[in-house]
1. What is the list of residues in segment 231-250 whose amide nitrogen lies under 20 Å from a point 7 angstrom out from the Cα of residue 192, following Cα to Cβ?
2. Considering only 184, 160, 288, give the residue with the highest GNM mean-square fluctuation for the chain, with springs between Cα atoms whenever their separation is below 10 Å.
3. As I understand it, the value is the acute angle between the Cα axis of helix 167-177 and the longest principal axis of the Cα atoms of the chain; what does it come to in degrees, rounded to 10?
4. Between beta-carbons, use under 14 Å as the cut-off and find the net charge around residue 190, counting Lys and Arg +1, Asp and Glu -1.
5. Between residue 82 and residue 269, how high is the FRET efficiency from 1/(1 + (r/R0)^6) when r is the Cβ-Cβ distance and R₀ = 30 Å? Nearest 0.05.
6. Highest first, please rank the peptides 235-243, 323-331, 346-354 by the mean number of other Cβ atoms sitting within 10 Å of their residues.
7. Taking the chain as a Gaussian network, Cα atoms linked when under 10 Å apart, which of 217, 122, 261 shows the biggest mean-square fluctuation?
8. How far is helix 186-196 tilted, in degrees, relative to the longest principal axis of the Cα atoms in the chain, given as a value from 0 to 90 rounded to the nearest 10?
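Laboratory data are not the source of any read-out in this text; all were calculated from the coordinates shown. These figures come from a predicted structure and were not determined experimentally. Cβ placement follows ideal geometry from the backbone for every residue including glycine, while neighbour counts extend to all protein chains displayed.
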Amino acid sequence: MNEENKMNVETTEKAETAANTSGGEFANFDDAQEFEKEMEARRAKIEADKLLPPDPDALLEVRHLNKYFVLKKTFFKQIPLSTLKAVDDVSFTIKKGETLGIVGESGCGKTTMGRTVLKLHQPTGGQIFFKGQDITNFKPKEMKALRTEMQIVFQDPYSSLPPRSTVGDILSEPVKVHGIVPQSEIKDYVMNLMEQCGLRDYYYERYPHEFSGGQRQRICIARALAVNPKFVVCDEPVSALDVSIQAQIINLLKKLQIERQLTYMFISHDLSVVKYISDKIGVMYLGSMVEFGKKEDIFSRPHHPYTIALFSAVPNPDPDEKTHRILLSGDIPSPANPPKGCKFHTRCPRAKEICKHIAPKYREFEEGHFCACHFPEE
Ligand SMILES: Nc1ncnc2c1ncn2[C@@H]1O[C@H](COP(=O)(O)OP(=O)(O)OP(=O)(O)O)[C@@H](O)[C@H]1O
Ligand SMILES: [Mg+2]
């Protein structure tokens, strides 16, 4: 962790502890010491987890990952005055060939997490292991070698392609930069890739503005796959597209996953899409992972009240089946000033006094099924 980030985390932690133990926060709560104990236990767990060897089964393993953005600094830019915890103590693993779906409301930190695991943002704290190697503090030069293994497909196919380059140039460039095939074979390699991604060969000479959204997203997918990656973060790859085109792109991603044995992190706020494509699901709320597990477990036995409310909003195709939609009251709080204790307590139908003061532990309920709630649905 660099000096600025370290200071950032320490200042935020001190301010939090002071705010919670100075009496104000615990005015109606007789156990301020429990908060201290809980904070201490959490710090001890983070330190203990640092010593664990990487999970041999995981392609990507993330431990206690934080990404904080500094919003305001002192006049001489030495000390951060306020920080936004876009990703706050997130841990999970993804095995080779799996798809992890990440869901949550807008602003909950999905994109920041996707970019941080690829080291497009430097993490503020925590560890990232890729193929058993700790890449948390890799320098840009070391990351360049890994860029062929980790790629991203962005949300907006309109702004993520350079307007003045032809499709051929866009797809050839990463192949050249990373020396994937000899110079003389680049054109054949790109043509073959275009065919796999459902792009006609005469598109090679055309410019991005000549294509529809779905075709552009195919070009973005082909560009990400040009370097033969193992792991791809798909950040809302279909949310800017028509429903009929969405299905084509999702099916293309599934086909390519089988052909190339890809591992995906699939970020979306469309639960039906996530349900279709994912093996595991992570539910995020204000920067924290509130529930994580296998798709079947999460859909059939959700534990967290936020997951239950979120899933109750998925439209049911059977008109005879009754749905019980749970409406959450209130707006999503600002991530720059999240509620103390459990971040969800201001909107939670089950919230009790303890939820206002102490953040719940992230516990494993069944094998591989984690949830952070004081009063989960059993
Ligand atoms: N570079 C940045 N500087 C400061 N704050 C940022 C930065 N990038 C993201 N944020 C903040 O971090 C929080 C999480 O943003 P993020 O884009 O990760 O959310 P998201 O879940 O992907 O949202 P959406 O579903 O709308 O794409 C937001 O409050 C956002 O304003
Ligand atoms: Mg996003």
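1. 231
2. Ranking 184, 160, 288 by mean-square fluctuation puts 184 first.
3. It is inclined by approximately 70 degrees.
4. -1
5. 0.65
6. Going from most to least packed, we get 235-243, 346-354, 323-331.
7. Maximum among the listed residues: 261.
8. The angle comes out at about 70 degrees.
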